[in-house]
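The values are calculated or read from the model by the stated rules, or taken from the named source; none is laboratory data. Just so it is clear, the structure is predicted and the values come from calculations on it, not from any experiment. A quick note on method: Cβ atoms are made from the backbone with ideal geometry, for glycine too, and the neighbour counts reach across all protein chains shown.
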There are 2 protein chains.
Amino acid sequence: MSKILKEVIISNKKYAKNFNTKGNLQAAPIKKFAILTCMDARLDPAKFAGLSEGDAHVIRNAGGRVSDDAIRSLLISYKLLGTEEWFVIHHTDCGLEKFSNTDIDKEFNLDSKNKIDWLTFTDNEKSVVEDVLRLKKHPLVPNSIPIYGYIYDCKTGNLKEVFEATNLGI
Amino acid sequence: MSKILKEVIISNKKYAKNFNTKGNLQAAPIKKFAILTCMDARLDPAKFAGLSEGDAHVIRNAGGRVSDDAIRSLLISYKLLGTEEWFVIHHTDCGLEKFSNTDIDKEFNLDSKNKIDWLTFTDNEKSVVEDVLRLKKHPLVPNSIPIYGYIYDCKTGNLKEVFEATNLGI
């Protein structure tokens with residue numbers, strides 16, 4: 001068994017030992033909202049947004065991008081599990097801002113026939129606006145869901161507002 | 001400003017106030033591993049797996065499924081940011097086990113031309129094995145990465161091993 005696997009299992013046993021009433025929580029998020037953010041190891045959405053177990057859906061991928069899969073998750077989140085507000089949170093010093101699709105294709109020795117859209121971006125704020133708008137314009141996303149676009153600052157822990165698409169606008 | 005947005009901003013200010021040395025963390029995960037798990041509100045991977053900020057990548061979507069986007073994220077995780085071990089963690093009482101693709105298509109009034117693969121499943125353990133194997137067999141995933149398949153029990157907080165694909169076997 002690897003050192004990492006052992007550590008995770010020991011940590012999990014400690015957590016489960018003091019699980020208390022958390023076993024009674026239901027699937028539908030208590031606070032009826034969802035956060036889409038980056039997989040970056042420095043980000044702990046439960047801590048930086050003040051979530052307890054049961055409060056909110058958290059979707060994470062490389063970049064916190066509005067990929068087809070993030071859309072699948074958010075649609076399930078609202079339609080089957082009742083979320084009513086969504087956050088899209090990118091962050092400073094993101095890997096996807098430092099590399100281009102071509103750079104990453106090269107790392108994997110992918111030729112032009114097999115290239116992948118890694119969802120890299122060159123302007124962090126623009127990428128948030130682009131992602132919020134992609135959601136807001138999606139035919140299956142109801143206009144009633146406000147979508148908040150933010151950037152998390154890895155140096156300070158602060159969330160900075162970039163763009164808010166409410167039911168009143170756009 | 002919505003009640004939820006206000007709460008998130010207040011929680012974030014408190015978190016950032018005591019940020020201390022976390023601002024010095026680098027993008028590459030200290031513990032060199034990644035977890036793929038479900039967006040379910042009851043799951044807090046940092047708590048159930050004992051992660052501090054900076055330790056590990058966390059990727060989350062509806063079901064913790066190995067979607068194309070989860071693969072994109074994991075490939076970036078290992079190739080650009082050095083993770084060497086991966087966990088795929090589904091959980092009990094998952095929404096994707098309770099609904100079929102047809103059920104969810106109906107919720108959205110999607111006709112047969114516009115149906116979506118919502119990545120639902122009927123057997124939780126099988127879905128973990130299927131996902132771990134999809135990763136393990138992917139041409140861009142190196143054989144050296146062990147992939148641990150687990151199910152998180154929402155009633156107890158315990159992780160239960162389902163399947164481990166190491167560099168030696170599959």
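Condition test on residue A:5, is it farther than 28 Å from residue A:118 by Cα, within 7 Å of chain B (Cβ to nearest Cβ) and not in a loop (DSSP other than H, G, I, E, B)?
So residue A:5 passes the test.
Would you please list the contacts, defined by Cβ atoms under 7 Å and residues six or more apart or on different chains, that run from a residue in region A:8-31 that is at positive phi and at the interface with chain B (Cβ under 7 Å from one of its Cβ atoms) to a residue that is of a type in the set (Asp, Glu) and surrounded by fewer than 15 Cβ atoms within 10 Å (Cβ to Cβ)?
Once the first residue is at positive phi and at the interface with chain B (Cβ under 7 Å from one of its Cβ atoms) and sits in region A:8-31, no partner that is of a type in the set (Asp, Glu) and surrounded by fewer than 15 Cβ atoms within 10 Å (Cβ to Cβ) comes close enough.
For region A:56-148, please list each of the helices (runs of 4 or more DSSP H) lying entirely inside it that holds at least 1 residues being among the polar types (S, T, N, Q).
Here the list reads A:68-79, A:101-107, A:124-136.
Could you list, in sequence order, all residues of region B:56-65 that are more than 7 Å from every other protein chain (Cβ to nearest Cβ) and either touching a Lys or Arg at 6+ places or on another chain (Cβ under 8 Å) or not basic (Lys, Arg) (or both)?
Across region B:56-65, the qualifying residues are B:63, B:64.
Do we have any residue at all in region A:41-55 that's free of Cβ contacts under 8 Å to residues at least 24 places away in the same chain, surrounded by 17 or more Cβ atoms within 10 Å (Cβ to Cβ), more than 7 Å from every other protein chain (Cβ to nearest Cβ) and assigned to a loop (DSSP other than H, G, I, E, B)?
Yes, region A:41-55 contains at least one residue that is free of Cβ contacts under 8 Å to residues at least 24 places away in the same chain, surrounded by 17 or more Cβ atoms within 10 Å (Cβ to Cβ), more than 7 Å from every other protein chain (Cβ to nearest Cβ) and assigned to a loop (DSSP other than H, G, I, E, B).
Against the condition over 25 Å from the mean Cα position of the chain (by Cα), surrounded by fewer than 20 Cβ atoms within 10 Å (Cβ to Cβ) and among the aliphatic types (A, V, I, L, M), how does residue B:16 come out, does it pass?
Yes, satisfied.
Considering only residues that are over 13 Å from the mean Cα position of the chain (by Cα) and within 18 Å of residue B:11 (Cβ to Cβ), look in region A:56-89 and name the one that is surrounded by the fewest Cβ atoms within 10 Å (Cβ to Cβ).
Applying the filter and picking the extreme gives A:85.
Of all residues in region B:100-127, which are farther than 30 Å from residue A:109 by Cβ and among the aliphatic types (A, V, I, L, M)?
Listed by number, the residues that qualify are B:104, B:110, B:116.
Which one of the conditions (1) closer than 22 Å to residue B:8 by Cα; (2) within 17 Å of the chain's Cα centre (by Cα) does residue A:121 fail to meet, given that it meets all the rest?
Among (1) closer than 22 Å to residue B:8 by Cα; (2) within 17 Å of the chain's Cα centre (by Cα), residue A:121 violates only (1).
Would you confirm, using the coordinates I've provided, whether residue B:151 is β-branched (Val, Ile, Thr), part of a loop (DSSP other than H, G, I, E, B) and surrounded by 13 or more Cβ atoms within 10 Å (Cβ to Cβ)?
Against the criterion (β-branched (Val, Ile, Thr), part of a loop (DSSP other than H, G, I, E, B) and surrounded by 13 or more Cβ atoms within 10 Å (Cβ to Cβ)), residue B:151 does not qualify.
Being among the hydroxyl-bearing types (Ser, Thr, Tyr), at pLDDT 95 or above and within 23 Å of residue A:82 (Cα to Cα) is true for just one of B:37, B:83. Which residue is that?
When all the criteria are applied, what remains is B:37.
Check whether at least one residue in region A:114-130 is modelled with pLDDT of 95 or more, over 18 Å from residue A:163 (Cα atoms) and in contact with a strand residue (DSSP E or B) (Cβ under 7 Å, 6 or more places away or on another chain), and report yes or no.
No, every residue in region A:114-130 fails to be modelled with pLDDT of 95 or more, over 18 Å from residue A:163 (Cα atoms) and in contact with a strand residue (DSSP E or B) (Cβ under 7 Å, 6 or more places away or on another chain).
Inspect region A:99-115 for any residue being touching a residue at least 40 places away in the same chain (Cβ under 8 Å) and hydroxyl-bearing (Ser, Thr, Tyr) and give the result as yes or no.
No, region A:99-115 contains no residue that is touching a residue at least 40 places away in the same chain (Cβ under 8 Å) and hydroxyl-bearing (Ser, Thr, Tyr).
Residues in region B:156-168: is at least one free of Cβ contacts under 8 Å to residues at least 12 places away in the same chain, part of a loop (DSSP other than H, G, I, E, B) and exposed (fewer than 14 other Cβ atoms within 10 Å of the Cβ)?
Taking every residue of region B:156-168 in turn, at least one turns out to be free of Cβ contacts under 8 Å to residues at least 12 places away in the same chain, part of a loop (DSSP other than H, G, I, E, B) and exposed (fewer than 14 other Cβ atoms within 10 Å of the Cβ).
Six or more apart or on different chains, Cβ atoms under 6 Å: show the pairs whose first residue is in region A:82-94 and closer than 14 Å to residue B:60 by Cβ and whose second is of a type in the set (S, T, N, Q) and in a strand (DSSP E or B).
A:89/A:37
For region A:79-93, check the following and say yes or no: at least one residue is out of contact with any Lys or Arg (no Cβ under 6 Å at 6 or more places or on another chain), more than 30 Å from residue B:95 (Cα to Cα) and facing chain B (nearest Cβ under 10 Å).
Checked region A:79-93: at least one residue is out of contact with any Lys or Arg (no Cβ under 6 Å at 6 or more places or on another chain), more than 30 Å from residue B:95 (Cα to Cα) and facing chain B (nearest Cβ under 10 Å).
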